[in-house]
Amino acid sequence: MKSQIDQQLFSDRLDDNKRLLLDLMGNSTDFISRDLKLNGYIPIALFYLEGMVDITAVQEGVISSLLDRAQQLGGPINPETIQQHILNMGEVGLELNIATALDHLLSGSLLLLLEGHCEAVVVHLPGWEDRAISESSTQSVVRGPQNSFNETLRTNTTLVRRRVKDIRVRLKTIQIGKLTKTDVAIMYVDGVADPKLVDDLIRRLEHADYKNILEGEYIEELLLEKKQQTIFPVVYNTDRPDTIAAGMLEAKIAIFIDGTPFVLLVPSLFVDFIQSAEDYYQSYFYSNLIRLLRYTALIICMMGPAIYIALTTYHQDMLPTQLLLSLAAQREGVPFPAFFEALLMEITFEILREAGIRMPRTVGQAVSIVGTIVIGQAAVEASIVSAVMVIVVAITAISSFVIPSYGMSIPIRICRFGFMILAASFGFLGLTVGGIILILHLCSLHSFGVPYMSPYAPYNKSKQSDAILRFPIRNHSNKGEQ
């Protein structure tokens, strides 16, 4: 039915228009139709979706203005008169096409139709309930801004504009999704972002042939190049306005999706997922120590159990004698090899992690902590796993939480199982080959034409002031730029 009305126009008969709109909306109970008469004899009808518009503005703004000012004007009443002289709130426009008018209606607008006229007056009066701006729950900081995005597109773009008060900030909104018609906005700084990249991004979004766009992951998969398949994220997402503002100042483009608090940032590099907004709110001495700690935690998260498996299975001679005897004593009653022991504990912890996320917040954390302690202790007492393996798995799991981006911790956890298999099969030789393959894979990736591992590979000396270590702000290359 939608395709049949794409080119259909309103009639000049109000009753016909009313019947058509009621039929198209399927007589939905939240579709409100209200009849009025201007100056006592001009029939008009208002149409809106309950809950999508500001009812106070409808009652006190639209209806009161129509009834009061129509009498004051005294002349002929038509859609142009209503637009220019009667209604002075919100965005007021005229629309002939029924499909376009319905799109406005579904986006929080009110439609006004008059007898004898085939133009609809469209008044944009969104009034749905918004979640209050709160602290970020995924990338919290001790020092720095504490607010985060919510699910409303215009609120999110405003939070960024408050931080980048420059007339060169550009915003372009595109509707994607044949059914959802989701508003997707791109924001960038003109003259800073690459214009070719901006044009390419707009072209991809405008030609997206999707039925549904409900969250940023839909856009991420749309932007992912078909020729490079990877488990590593090449599009950064965050719910922190300061991170998006900083990225735009570094020539990146922000992508806002209506209905989700997470904003995308392209192009994105590997270092972006390891850095945190708090790195710039603390002393650079402290920030550098924390960054080195993150890289250490990343290596532990990826290879901790694999190194233990390799040492205890193939390279016992690398361990001190006292430690080797202690490990042998602990593993004396364990019936499984180190690989199956580690695999069992890793899968158990992943189950507990997911259970803690899905369970009610009031009990989820307690269940995760108590479950981990009880299961670990019981497994050791039952001689299913050794105490050292419980320690290794626990340190590995804690290290995964040190990585600032949850999107990056997922592929790291996946790679961990691959390295465990290589360690159980070939020892340190397998780990070395696996590490080389992983590095080559990362170096082959691109995010909108930018090498994923830059500024490491290819090496860019001018951008090393904020790569692994953060130099003082006075040494950054953007100091004093206009």
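The values are calculated or read from the model by the stated rules, or taken from the named source; none is laboratory data. Bear in mind that the values here come from a model prediction, so they are computed numbers and not experimental data. Virtual Cβ from ideal backbone geometry, glycine too; neighbours counted across all protein chains shown. With ligands, DNA and RNA removed, areas are computed over all heavy atoms of the protein, side chains included. Shrake-Rupley method; radii C 1.70, N 1.55, O 1.52, S 1.80 Å.
Six or more apart or on different chains, Cβ under 9 Å: which pairs go from a residue in region 453-482 that's more than 22 Å from F273 (Cβ to Cβ) to one that's at pLDDT 75 or above and open to solvent by less than 30 Å² (accessible area, probe 1.4 Å)? Could you list them?
K461/P455; P472/S465; N475/S465
What number of residues within region 27-50 satisfy the criterion of being closer than 16 Å to W128 by Cα and at pLDDT below 85?
0
So which residues in region 194-212 are free of Cβ contacts under 8 Å to residues at least 60 places away in the same chain and hydrophobic (A, V, I, L, M, F, W, C), if there are any at all? Let's see the steps before the verdict.
Applying the first criterion (free of Cβ contacts under 8 Å to residues at least 60 places away in the same chain) to region 194-212 yields 194-196, 198-199, 202-212.
Answer for region 194-212, where residues must be free of Cβ contacts under 8 Å to residues at least 60 places away in the same chain and hydrophobic (A, V, I, L, M, F, W, C): V198, I202, L205, A208.
Give just the number: which of (1) touching a residue at least 24 places away in the same chain (Cβ under 8 Å); (2) open to solvent by 20 Å² or more (accessible area, probe 1.4 Å); (3) in the same structural domain as I391 (by TED's automatic domain parsing) does C301 not satisfy?
For C301, the failing item is (2).
Within region 233-250, is even one residue under 22 Å from G108 (Cβ atoms) and of a type outside the set (A, V, I, L, M)?
First, the residues of region 233-250 that are under 22 Å from G108 (Cβ atoms): none.
So far as region 233-250 goes, no, none of its residues is under 22 Å from G108 (Cβ atoms) and of a type outside the set (A, V, I, L, M).
Give me a count of the residues in region 303-321 that are part of a helix (DSSP H, G or I) and under 14 Å from F339 (Cα atoms). Even if it seems obvious, please write down each step before you answer.
As a first pass, look at region 303-321 and keep what is part of a helix (DSSP H, G or I): 303-313, 316-318, 321.
Next, only the ones that are under 14 Å from F339 (Cα atoms) stay: 303-313.
Total meeting the criteria: 11.
Spot the failing condition for M453; the list is (1) in a loop (DSSP other than H, G, I, E, B); (2) open to solvent by 50 Å² or more (accessible area, probe 1.4 Å); (3) at pLDDT 90 or above, and only one is missed.
Only one criterion in (1) in a loop (DSSP other than H, G, I, E, B); (2) open to solvent by 50 Å² or more (accessible area, probe 1.4 Å); (3) at pLDDT 90 or above is unmet by M453, namely (2).
Report, by residue number, each residue of region 49-70 that is open to solvent by less than 20 Å² (accessible area, probe 1.4 Å) and closer than 11 Å to L105 by Cα. Quick ask: steps written out before the conclusion?
Taking region 49-70 first, the residues open to solvent by less than 20 Å² (accessible area, probe 1.4 Å) are 49, 53, 58, 61-63, 65-66, 70.
Within region 49-70, L49, V53 qualify.
F256 - would you say it is open to solvent by less than 20 Å² (accessible area, probe 1.4 Å) and either more than 28 Å from Y281 (Cβ to Cβ) or part of a loop (DSSP other than H, G, I, E, B) (or both)? It would help to see each step written out before you state the result.
Working: open to solvent by less than 20 Å² (accessible area, probe 1.4 Å): yes; either more than 28 Å from Y281 (Cβ to Cβ) or part of a loop (DSSP other than H, G, I, E, B) (or both): no.
Against the criterion (open to solvent by less than 20 Å² (accessible area, probe 1.4 Å) and either more than 28 Å from Y281 (Cβ to Cβ) or part of a loop (DSSP other than H, G, I, E, B) (or both)), F256 does not qualify.
Could you check V380 against (1) modelled with pLDDT of 80 or more; (2) open to solvent by 20 Å² or more (accessible area, probe 1.4 Å); (3) closer than 20 Å to L311 by Cβ; (4) of a type in the set (V, I, T) and say which number it fails?
(1)
Output the residue which, of all residues in region 193-209 that are more than 18 Å from the chain's Cα centre (by Cα) and crowded, with 18+ Cβ neighbours inside 10 Å, is nearest to L222 (Cα to Cα).
Checking each candidate, the answer is L197.
Residues I167, I176: which one is open to solvent by 80 Å² or more (accessible area, probe 1.4 Å) and of a type outside the set (D, E)? Before the answer, list the steps.
Working: I176 fails: open to solvent by 80 Å² or more (accessible area, probe 1.4 Å).
Going through I167, I176 in turn, the sole match is I167.
So E481 passes all but one of these: (1) modelled with pLDDT of 80 or more; (2) open to solvent by 90 Å² or more (accessible area, probe 1.4 Å); (3) farther than 30 Å from L222 by Cβ. Which condition number does it fail?
Among (1) modelled with pLDDT of 80 or more; (2) open to solvent by 90 Å² or more (accessible area, probe 1.4 Å); (3) farther than 30 Å from L222 by Cβ, the lone unmet condition for E481 is (1).
What are the residues in region 224-244 that are under 15 Å from the mean Cα position of the chain (by Cα) and either within 18 Å of I412 (Cα to Cα) or assigned to a helix (DSSP H, G or I) (or both), if any?
Result: P233, V234, V235, Y236, N237, P241, D242, T243, I244.
How many residues are open to solvent by 50 Å² or more (accessible area, probe 1.4 Å) and either in contact with a Ser or Thr (Cβ under 6 Å, 6 or more places away or on another chain) or not aliphatic (A, V, I, L, M) (or both) if we restrict to region 103-115?
In the first step, residues of region 103-115 are kept if they are open to solvent by 50 Å² or more (accessible area, probe 1.4 Å); the result is 104, 106, 115.
Still in the running and either in contact with a Ser or Thr (Cβ under 6 Å, 6 or more places away or on another chain) or not aliphatic (A, V, I, L, M) (or both): 104, 115.
Total meeting the criteria: 2.
Give region 383-421 a look and list any residue that's open to solvent by 40 Å² or more (accessible area, probe 1.4 Å), within 22 Å of L438 (Cβ to Cβ), aliphatic (A, V, I, L, M) and not in a helix (DSSP H, G or I), or say none.
Of everything in region 383-421, just one residue is open to solvent by 40 Å² or more (accessible area, probe 1.4 Å), within 22 Å of L438 (Cβ to Cβ), aliphatic (A, V, I, L, M) and not in a helix (DSSP H, G or I), namely V402.
Cβ-Cβ distance below 7 Å, separation of 6 or more or different chains: which pairs start in region 386-404 with a residue that is assigned by TED's automatic domain parsing to the domain that holds A306 and in contact (Cβ under 8 Å) with a residue 40 or more places away in the chain and end on one that is part of a helix (DSSP H, G or I) and of a type in the set (S, T, N, Q)?
From residues that are assigned by TED's automatic domain parsing to the domain that holds A306 and in contact (Cβ under 8 Å) with a residue 40 or more places away in the chain, the pairs are S386/Q330; A387/Q330; V388/Q330; S400/S409; I403/S409.
Is it the case that some residue within region 259-270 is in contact with a Leu (Cβ under 6 Å, 6 or more places away or on another chain) and buried (at least 19 other Cβ atoms within 10 Å of the Cβ)?
Kept after step one, since they are in contact with a Leu (Cβ under 6 Å, 6 or more places away or on another chain), are these residues of region 259-270: none.
No, the conditions are met nowhere in region 259-270.
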